[in-house]
1. Quick check on the stretch 277-304: of everything there that is within 15 Å of ligand 2 (Cβ to nearest atom) and surrounded by fewer than 20 Cβ atoms within 10 Å (Cβ to Cβ), which residue is nearest to the chain's Cα centre (by Cα)?
2. Go through (1) closer than 20 Å to Leu352 by Cα; (2) free of Cβ contacts under 8 Å to residues at least 24 places away in the same chain; (3) not small (Gly, Ala, Ser) for Thr397 and report which single condition fails.
3. What pairs come out if I take residues in the stretch 430-450 that are β-branched (Val, Ile, Thr) and pair them with residues that are in a loop (DSSP other than H, G, I, E, B) whose C-beta lies under 7 Å away, six or more apart or interchain?
4. From the set of residues in the stretch 75-103 that are among the polar types (S, T, N, Q) and touching a strand residue (DSSP E or B) at 6+ places or on another chain (Cβ under 7 Å), which is farthest from Thr146 (Cα to Cα)?
5. Inside the stretch 213-232, can you point out the residues that are surrounded by fewer than 14 Cβ atoms within 10 Å (Cβ to Cβ) and within 16 Å of ligand 2 (Cβ to nearest atom)?
6. For the stretch 247-276, what are the residues that are near ligand 1 (Cβ under 10 Å from one of its atoms) and of a type outside the set (A, V, I, L, M)?
7. Count, please, the residues in the stretch 85-105 that happen to be assigned to a loop (DSSP other than H, G, I, E, B) and either surrounded by 14 or more Cβ atoms within 10 Å (Cβ to Cβ) or not assigned by TED's automatic domain parsing to the domain that holds Asp135 (or both).
Amino acid sequence: MKTLEHIASELAGYDPQALTADMVNTFLDQLVEPVTGTEEVAIFDALGRVLAADIISPISVPPHDNSAMDGFALDGAQLTPDAALSLKVVGTALAGKAWAGTVNPGECVRIMTGAIMPAGLNTVVPQELTTLTGDMVSIPAGVLNTGDNRRFMGEDLMQGQPALQKGELLTPAALGLVASLGLKTVPVLRRLKVAYFSTGDEILSLGEPPREGAVYDSNRYTVFGLLTRLGCQVIDMGVVRDQPQALEAAFVQAAMQADAVITSGGVSVGEADYTKAMMKKLGDVAFWKIAMRPGRPMAVGYLSRDKLASSAYKSSANSYEINSNNIPPNTSGAAVLFGLPGNPVAVMVTFLAFVRPALLRMMGCSARPTPLLRAQSQEVIRKKPGRTEYQRGWVSTAPDGTLQVKTTGNQGSGVLSSMVQANGLIVLHHTQGHVAVGEAVDVMMFDGVI
Ligand code: AMP
Ligand code: MG
């Protein structure tokens with residue numbers, strides 16, 4: 001575990017008061033480490049988990065050469081380019097029931113999809129290309145080549161070869177692949193435990209009556225959704241009052257249980273609250289100004305064991321009510337802290353741009369980030385060079401088949417409705433200026449992530 005000072009000293013051009021989005025990701029990549037601890041889970045429980053070890057194929061898939069079509073299996077050596085071929089049907093090979101007889105020249109075997117290729121035969125003519133008269137099949141000239149419609153043993157996976165690699169995220173396709181090998185369980189890394197709470201005295205929990213100047217806590221639910229989609233175990237702590245004891249108890253108990261602690265609010269410059277002071281007291285924390293929009297302020301660091309141990313709230317297990325489903329304690333040296341800004345869209349954007357990649361790394365996931373798409377802007381977008389802007393957009397297919405994108409309305413950092421209407425974020429990079437109509441821009445698609 002490197003100290004923040006150490007990471008900062010190795011990053012050329014690091015300036016906490018003016019960080020580029022790229023620098024933030026580079027920094028976080030140094031800050032976080034994959035969790036250790038693995039478990040063996042049934043395939044039904046493995047969706048979205050991260051593989052803890054390579055899976056070597058114990059068998060070949062498919063286990064034998066077989067037919068890709070319903071039709072007739074034959075020896076392709078008898079095919080000639082210019083003449084039709086007439087063959088006598090001498091038997092039937094069904095899927096799961098091989099045909100064991102011998103086939104002489106001039107003969108063929110009726111075969112179903114998936115059935116083992118009879119010995120000596122290498123080609124399948126699909127039924128619809130043939131004419132059957134009695135037990136004679138006629139194949140027209142020029143419709144078939146030797147080897148057509150035969151699947152080879154091991155063409156998907158060969159016995160002894162790696163089927164899946166450590167660090168892969170188990171997708172529906174991967175679950176099927178594991179099952180195709182006859183394996184009932186897979187080794188996965190333990191789930192990442194992430195605690196979240198909202199801060200701010202103007203934040204109302206659901207159920208509280210409306211109050212002048214107060215807003216309902218929406219960040220609790222967006223962060224819950226983002227973390228759940230990522231496959232994390234969420235420790236939901238609701239709203240914490242802007243009061244030193246309440247904040248200290250919340251930070252301590254979050255960090256005692258979770259691998260990472262996420263908060264929203266209270267990290268911007270003019271904040272008159274206690275959140276930043278408590279982060280400083282309990283951890284090694286940097287307060288950043290990021291050259292981006294939305295989402296300029298962010299606090300990042302560790303809530304360290306040493307400092308937590310000396311807190312008066314360490315042993316007071318019931319001083320803060322946590323809806324954590326009996327999650328076991330965090331036994332590592334520290335919990336990683338992501339102090340996000342308060343504005344609802346800023347929370348989501350900083351999560352997507354920085355926190356999500358960092359959490360994936362903590363989860364042990366080696367998947368490379370999904371590439372950005374290019375789409376033509378349907379409108380002029382005003383943009384200042386010198387910061388990265390993330391605009392909520394709707395990507396669609398233009399009449400000529402290429403991708404186009406337009407913004408979804410009010411881009412204020414508190415406006416969630418334009419986020420709901422979007423299917424992606426238009427990423428306008430640090431050095432980029434205004435965008436003209438028809439100009440290509442990068443888009444980060446949500447695609448099930450949010
Ligand atoms: P802050 O970063 O604390 O200055 O908050 C910036 C803005 O975000 C303020 O208008 C807050 O009212 C709003 N805000 C902060 N936390 C939340 C939350 N959990 N849910 C909804 N809005 C919030
Ligand atoms: Mg505030």
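1. Phe287
2. All conditions are met except number (1).
3. The qualifying pairs are Thr431/Pro385; Val435/Val380; Val435/Lys383; Val437/Gln378; Val437/Glu379; Val437/Val380; Val443/Leu372.
4. Step one: list which residues in the stretch 75-103 are among the polar types (S, T, N, Q), which gives 78, 80, 86, 92, 102.
With the extra rule that they be touching a strand residue (DSSP E or B) at 6+ places or on another chain (Cβ under 7 Å), the set shrinks to 78, 86, 92.
Working: Gln78: 9, Ser86: 16, Thr92: 20 Å.
Once the filter is applied, the top-ranked residue is Thr92.
5. Selection gives Gly213 alone.
6. Once the filter is applied, which keeps residues that are near ligand 1 (Cβ under 10 Å from one of its atoms) and of a type outside the set (A, V, I, L, M), the stretch 247-276 yields Thr263, Ser264, Gly265, Gly266, Ser268, Gly270, Glu271, Asp273, Thr275.
7. If we filter the stretch 85-105 for residues that are assigned to a loop (DSSP other than H, G, I, E, B), which is where we start, we get 95-96, 98-105.
Filter once more, keeping what is either surrounded by 14 or more Cβ atoms within 10 Å (Cβ to Cβ) or not assigned by TED's automatic domain parsing to the domain that holds Asp135 (or both): 95, 98-99, 103.
So the count comes out to 4.
Matching residues to (1) away from ligand 1 (no atom under 16 Å from the Cβ); (2) surrounded by 14 or more Cβ atoms within 10 Å (Cβ to Cβ):
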{"position": "Lys184", "(1), (2)": "yes, no"}
{"position": "Pro187", "(1), (2)": "yes, yes"}
{"position": "Arg190", "(1), (2)": "yes, yes"}
{"position": "Glu208", "(1), (2)": "no, no"}
{"position": "Arg211", "(1), (2)": "no, no"}
{"position": "Val234", "(1), (2)": "no, yes"}
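The values are calculated or read from the model by the stated rules, or taken from the named source; none is laboratory data. Here the structure is a predicted model, which is why all the values come from computation and not from measurement. Backbone-built Cβ (ideal geometry, glycine too); neighbour counts: all protein chains shown.
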